[in-house]
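Below: one structure, written as structure tokens.
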Amino acid sequence: MGVNIMFNFEVAGLADEAQTESVLSTLAELLAEEGLRDHEVALGWSIQDGRHWITGETDYPIGISRFHAWRPHFEGALQERVRTVAPAATASINWRYMDEN
């Protein structure tokens, strides 16, 4: 059974623009590998007061089959990708379950 979800994530603590671009690239690869297309999850990055960060979010609910198994896999893969490219950075994900409304 599938679940309709929306989510957003943030990666903070990036060292500089080069590291930000590297993390952005690896996250775009992860999303593609997970079958999430560009129109389903938007990625962006910002710099404010010398701090670099990346954000990603769904613009509308997406259906995920076997979400109970996919969620920990995706969370772990996202954390691992960030850790590999930017060991000092932190990533967080917020889930919104649309079927609970």
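A few remarks follow.
- Filtered by the rule that a residue be in a helix (DSSP H, G or I) and more than 13 Å from T20 (Cβ to Cβ), the stretch 74-88 gives F74, E75, G76, A77, L78, Q79, E80, R81, R83, T84.
- Residue count for the stretch 35-73 satisfying the condition of being out of contact with any Gly (no Cβ under 9 Å at 6 or more places or on another chain), farther than 16 Å from Q19 by Cβ and of a type in the set (F, W, Y): 2.
- When the stretch 35-44 is filtered for residues that are loosely packed, with under 15 Cβ neighbours inside 10 Å and in contact (Cβ under 8 Å) with a residue 24 or more places away in the chain, nothing remains.
- Residue, nearest to P61 (Cα to Cα), within the stretch 13-34, restricted to residues that are free of Cβ contacts under 8 Å to residues at least 40 places away in the same chain and open to solvent by less than 50 Å² (accessible area, probe 1.4 Å): L31
- Considering residues of the stretch 45-92 that are in contact with a helix residue (DSSP H, G or I) (Cβ under 6 Å, 6 or more places away or on another chain) and free of Cβ contacts under 8 Å to residues at least 40 places away in the same chain only, the residue surrounded by the fewest Cβ atoms within 10 Å (Cβ to Cβ): W45
- Residues being modelled with pLDDT of 95 or more, within 16 Å of V11 (Cα to Cα) and more than 11 Å from the chain's Cα centre (by Cα) are represented in the stretch 53-73 by at least one member.
- Restricting the stretch 89-101 to residues that are assigned to a helix (DSSP H, G or I) and touching a strand residue (DSSP E or B) at 6+ places or on another chain (Cβ under 8 Å), the residue that is nearest to W45 (Cα to Cα): M98
The values are calculated or read from the model by the stated rules, or taken from the named source; none is laboratory data. Predicted model, so just to flag it, every value in this text is computed and none were measured. For neighbour counting, all protein chains shown are included, and Cβ atoms are generated from backbone atoms with ideal geometry for every residue, glycine included. Note: areas computed on protein heavy atoms with side chains; ligands, DNA, RNA excluded. Shrake-Rupley method; radii C 1.70, N 1.55, O 1.52, S 1.80 Å.
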